[in-house]
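Here the structure comes first, spelled out in C-alpha cells, and everything after it is commentary.
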Amino acid sequence: MGALDGIKVLDLSRVLAGPFCGQMLADNGAEVIKVEAPGGDLNRSFPYAVGDGQTSNWLSVNRGKKDITLNLKSPKARDLLDALIGKVDVVIQSFLPDTAEKLGVGYDRLRGLNPNLIYCSISGYGAKGPLRNKPGYDTMVSAYTGLFALTGEPDRPPVRLGVAAIDMSTGMLAYGGIVSALLARERGAGGQRVDASLLESAVTLTGYQGVAWTAGGVLVDREGAGFTRISPYSVYRARDGELLIGAPSAAMWTKLCGVLGARGLIDDPRYASNENRCQHDDALRHDLEAILETKDVKTWTDRLEAVGVATAPMNRLDQVLRDEQVLANDMVVPAAYPDGSTVDLLGLPFKLSGTPGEPGAAPPEPGQHNETVFAELLGLSNKDIRALKDEGAI
C-alpha cells in the first residue's frame with residue numbers, strides 16, 4: 001500500500017510549487033486529479049522543450065496524475081467543480097487570493113461544500129499583508145527575501161540561484177502541511193486550511209544567515225564558492241577539473257596537508273590558524289592549487305575522503321544524473337506513457353520503509369482523463385461529457 005492510498009486530491013495549482021506538492025502526494029498513493037484550463041497549464045509552454053511538445057517544467061512536477069480540463073469561467077464547469085469538491089479530501093490551488101474568490105475556489109466557499117476538506121493555498125507573498133495579491137515568481141521572491149543578494153562573489157553583482165529552489169521547497173513544505181492536516185483530521189480536527197508561500201519558504205531558507213541578523217545583528221554578505229570565515233573552504237582547481245575542499249578544524253587542516261604532501265604549510269606562520277589562513281586566503285589558494293593541479297579530481301577526492309577531509313567533485317548535471325550513488329537511491333526513475341514508451345524523471349526525495357512511494361505514470365495530456373474522472377466520480381455519461389466539451393465547459 002501507499003501511505004496515502006484512498007486520499008483524493010484536486011490539484012488546481014500551476015507552474016512548479018503546487019504541482020510538485022501534488023506529484024509527491026501521487027507518488028505516495030493519493031489519487032491526484034490535475035485540473036487545467038482547456039488551453040493547458042502555463043507550464044507546458046515554458047522552456048526547456050524536450051521533444052514531442054513537452055517541456056521539462058511540465059514533466060518535472062506532474063507525474064502520476066490524472067488530468068481533466070475545466071473552464072472555471074463557465075457556470076457548468078463550476079457545477080462540476082462543486083460536485084468534485086464533495087468527493088475529494090484535498091484541494092491545492094495557487095491563484096491570487098482575489099482571483100480565487102472570483103473563480104469560486106476560495107476557502108470559505110469550498111469548505112461550505114465539504115467541511116472535512118484540507119484546502120492548501122500556495123501564494124507568492126503569503127496569505128496576509130499588503131502584498132497578499134502580488135504574483136510570486138521564484139527569482140523575484142529570491143531578490144525580495146535576500147537570497148539573491150547572498151549568492152555570488154563578494155566583489156561582483158549578485159546572481160540568481162541556479163535552480164528553482166524556492167518553488168520546489170514551497171512544494172515540499174506544502175506537502176508537509178497537507179499530510180499534517182490529514183493526520184489532524186484523522187484525530188478529529190476536521191478540515192482546515194493550509195497556507196504556504198514562496199516568501200515564507202525563502203525566509204526559512206536564509207537559515208543561520210537569517211538568525212545571524214535576528215539574534216546578533218550580523219549582516220552576512222556574499223561569500224562566493226566558499227566561506228569568508230573559514231579557510232580553506234572553497235572550490236580549487238585540479239588537473240582535470242575542480243573540487244570543493246573544506247578544512248574547518250585544525251585536525252582537518254593537518255590531514256589535508258598530509259594528503260597533499262605539504263607538511264611545510266603547517267609550519268608557515270601565515271597558515272598557523274584559521275584566522276591567519278582567512279587573512280591570507282589568496283596566497284593559500286595559490287599554494288594549494290600548485291599541488292592540486294598535479295593530479296586529477298578523482299585521485300584527490302579519493303585520498304581526501306579516505307582520511308576524513310570534507311571534499312566533493314564539482315559535478316555537472318549530466319554527471320550527477322548518471323552517478324552511481326544517485327542511481328542507487330532511485331533518484332532517476334522511468335515513467336511510462338500509455339503507448340508503452342518511457343521518460344526518465346527525478347525520483348521521490350524521501351523514502352518510507354513500510355509504505356514506500358512509487359513514482360507513477362508519465363505526466364498526462366490536457367483532459368486525458370475527462371471521461372474517466374467525470375464518469376467514475378460524478379456518474380456522467382459519454383453523452384454528457386461530449387455536451388460539456390461542445391459548450392466549452394471542459
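Structure notes:
- Of the trypsin sites (Lys or Arg not before Pro) in the range 67-155, those whose Cβ has at most 11 other Cβ within 10 Å and which sit in DSSP loop: 128
- Above-threshold pairs, the threshold being 23 Å between Cα atoms, out of 8/134; 65/351; 76/134; 102/128: 8/134; 76/134
- Selection among 175, 20, 75 by position relative to the dipole of the chain gives 75 as farthest towards the positive end (Cβ unit charges, Cα centre).
- Put the Cα centre of the range 189-214 next to the Cα centre of the range 225-284 and the gap is 35 Å.
- The charge dipole of the range 233-314, taken about its Cα centre with unit charges on the Cβ atoms of Lys, Arg (+1), Asp and Glu (-1) only, comes to about 180 debye.
- Geometric descriptor of the chain, per residue, is 179 Å³ (volume of the convex hull of the Cα atoms).
- The loop-placed chymotrypsin sites (Phe, Trp or Tyr not before Pro) in the range 35-107, going by DSSP, that have at most 10 neighbouring Cβ atoms within 10 Å of their Cβ come out as 48.
- Within the range 1-160, percent of DSSP bridges classed antiparallel, to nearest 5: 10 percent
- Pairwise centroid distance, computed over Cα atoms, of the range 127-168 with the range 30-60, Å: 24 Å
- Straight-line cross-link partners of residue 298 among the lysines, defined as a Cα under 21 Å from its Cα and at least 8 positions apart when in the same chain: 255.
- 19 Å cut-off, amide nitrogen to a point 7 angstrom out along residue 251 Cα→Cβ, residues in the range 204-236: 231-233
- DSSP assigns beta bridges within the chain; of those with both partners inside it, close to 45 percent run antiparallel.
- Aspartates and glutamates whose Cα lies under 12 Å from that of residue 66, excluding same-chain neighbours fewer than 8 positions away: 11, 31, 36, 365, 371
- Once the Cα atoms are used to define both axes, helix 207-216 deviates from the longest principal axis of the chain by about 70 degrees.
- Restricting the range 263-321 to trypsin sites (Lys or Arg not before Pro) that sit in a DSSP loop and have at most 16 other Cβ atoms within 10 Å of their own Cβ leaves 263, 295, 316.
- Gained length - residue 325 relative to residue 96, 0.36 nm times residue gap less alpha-carbon distance: 78.4 nm
Every number here is computed from the coordinates shown, using simple stated rules; none is lab data. Model, not experiment: these values are computed from the prediction. Every residue, glycine as well, gets a Cβ built from its backbone with ideal geometry; the counts of neighbours run over all protein chains shown.
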